[in-house]
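One structure is given here, and the rest of the page talks about it.
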Amino acid sequence: MLVLRSFMILFFSCITIKINLCFPSIPSSLKTLSIDGHFDFEQVEHAAKDFGNRYSYLPLAVLYPKSVSDIATTVNHVWQIGGGSELKVAARGHGHSLQGQAQAHRGVVINMESLQGLKMQVHTGNFPYVDVSGGELWINILRESLKHGLAPKSWTDYLHLTVGGTLSNAGISGQAFRHGPQISNVYQLEVVTGKGEVVNCSEKQNSDLFYSVLGGLGQFGIITRARISLEPAPEMVKWIRMVYTDFATFTRDQEKLISGQSTFDYVEGFVIINRTGLLNNWRSSFNPQDPLQASQFKSDGRTLFCLELAKYFNHEDMVLVNQEIKTSLSQLNHIPSTMFISEVPYMEFLDRVHISEIKLRSRGLWEVPHPWLNLFIPKSKIHSFAQEVFGNILTDTSSGPILIYPVNKSKWDNRTSVVIPEEDVFYLVAFLSSAVPSSTGNDGLEQILIRNKRILDYCEIAGLGVKQYLPHFSTQGEWKSHFGPHWEAFIRRKSTYDPSAILAPGQRIFQKPIAYS
């Protein structure tokens, strides 16, 4: 889930890209650069696509770097040309951005997955960590670190994303209540700034750049290397789902689970609208605690709320873990007949979304438009939000899952660039829609976008204090409102590290979330 954006004030009003008269000479100047990798000026169509599948902007060139020096040389060259050329640079990881953020209209796209250099290195000891390339996939980090009995602490629900992409946003999932987002679990970064300078940064070294880049939407530099905190990895996972009919009870239990010393390691949830047979669908992967009662459960068209929990453990701890889970579950107020439990290897649990991806690809349903909407909602406003959105705006969830779960603000570092609500607890609500091509119904792209706008309009009119995750805006005013009191700091940092606004291209400049995905 990824993003970059931001630009200086002179960009914000740009809706279209101006074509500089000297453009024809720019590709030839790139050809003269002394690099270990290579530029491709012909086969560039793939760099004009992403997971969102809604925008397509052809670059002039794609850089396949072999070294960090290749990236620095290219960015510095573009910086030397000057902002008047309108030439922009975007770092593309696995192409999972949603709004064309990893694309560069008539610019240069850097294929981060081709970056070579030091191999991934896992360091054991009292404070274990792994050093990885910014273009490395999290799934590969998991595989390598597990060889040492270790793993990163915080994840996204989907692991086939690059380190640079998720760290440019935040990187969150059900572990965030305990460990914070992925950007809260980074010791050090290597960054190529908008001037083409290679800078090592951390909490104590070049700290302003360090915190600017984390959650900075790719606007302050390209992450070429990261040092990620690790912890001992478990062997197995108890994976549990249960259903609620009452939203207040559902959120009260979620908030109880993320407070204090929670038994569970992962807390998420999702909304179920008009899907009576859902429990039967779970049976392929989960065992109902009470098969007879579960088979008799009827939703009667009600909106339901599913609580999803996971407890990590090793085989030798099985008896103790089962007792802890039993005690914790006894304090919850779910519908007893709807509890489903599965026991799976740690790797299988973390990579669960990829299994769904394989199925969707086989049916031609993966490379469709994904008009996702991700929101951070203050705890004090979540009930008003749910009443209006789940009660009036949404009538079904056929276009994709709706995630909803709380996180603790105390686990987020307020020095980073990411923007979150001010309250101590806030919710992620993610509408992960997939549009059916050519459909004019509720599952079509146009209708989903209309629905998303209705949700955002309601949040604005009701003054809920909502912040977008993976934000996407068209005007300077919208971005200024998004950053709020952090706006001036954002502009200062941008002018320091990307003074000519080389990074994060875009048809609407500041709207570019991620030059990295």
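Solvent exposure of residue 295, expressed as accessible area, is near 60 Å², computed with a probe of 1.4 Å over the protein chains only.
Applying 0.36 nm per residue to the separation of residue 358 and residue 29 and subtracting their alpha-carbon distance, the gain on full extension is 114.3 nm.
Placing a label point 7 Å from the Cα of residue 330 along the Cα-to-Cβ direction, the residues of the range 286-320 whose backbone N falls under 17 Å of that point are 319-320. Descending by average beta-carbon neighbour count within 10 Å, the peptides 163-170, 283-290, 225-232, 134-141 line up as 163-170, 134-141, 225-232, 283-290, the highest first. With the cut-off at 1.5 for a/c, could you classify the range 234-277 from its C-alpha gyration tensor as rounded, prolate or oblate? Verdict is oblate for the range 234-277. Please state, to two decimals, what the Cα-based radius of gyration of the range 121-232 comes to when divided by 2.2 N^0.38 Å (N = residues). Normalised Rg, Cα atoms only: 0.99.
Dipole magnitude for the range 236-468: computed about the Cα centre from +1 point charges on Lys and Arg Cβ and -1 point charges on Asp and Glu Cβ, it is near 260 debye. Summed over qualifying helices (DSSP H, 4 residues or more, each -39500 (n - 2.57)) and divided by its residue number, the chain shows a 222 nm mean residue ellipticity of -7500 deg cm²/dmol. With everything on Cα atoms, drop me the angle between helix 247-257 and the longest principal axis of the chain, reported from 0 to 90° to the nearest 10. Roughly 80 degrees between the two axes.
Accessible surface calculations at 1.4 Å, restricted to protein heavy atoms, place the chain at 40 Å² per residue.
Extending 7 Å from Cα along the Cβ direction at residue 488 and again at residue 298 yields two label points whose distance is 6.2 nm. Provide, for q = 0.07 Å⁻¹, the log10 of I(q)/I(0) from a solvent-free Debye sum over equal Cα point scatterers in the chain. Calculated log10 I(q)/I(0) at the listed q: -0.38. Pairwise inverse Cα distances across the range 236-468, averaged and inverted, put the Kirkwood hydrodynamic radius at 19.1 Å. On the basis of the beta-carbon distance and an R0 of 45 Å, residue 261 and residue 442 show a calculated FRET efficiency of 0.55.
The values are calculated or read from the model by the stated rules, or taken from the named source; none is laboratory data. Since we're looking at a predicted model, the values are computed, not measured. Note that we place each Cβ from the backbone using ideal geometry, even for glycine, and neighbour counts take in every protein chain shown. Accessible surface areas use protein heavy atoms only, side chains included; no ligands, DNA or RNA. Shrake-Rupley method; radii C 1.70, N 1.55, O 1.52, S 1.80 Å.
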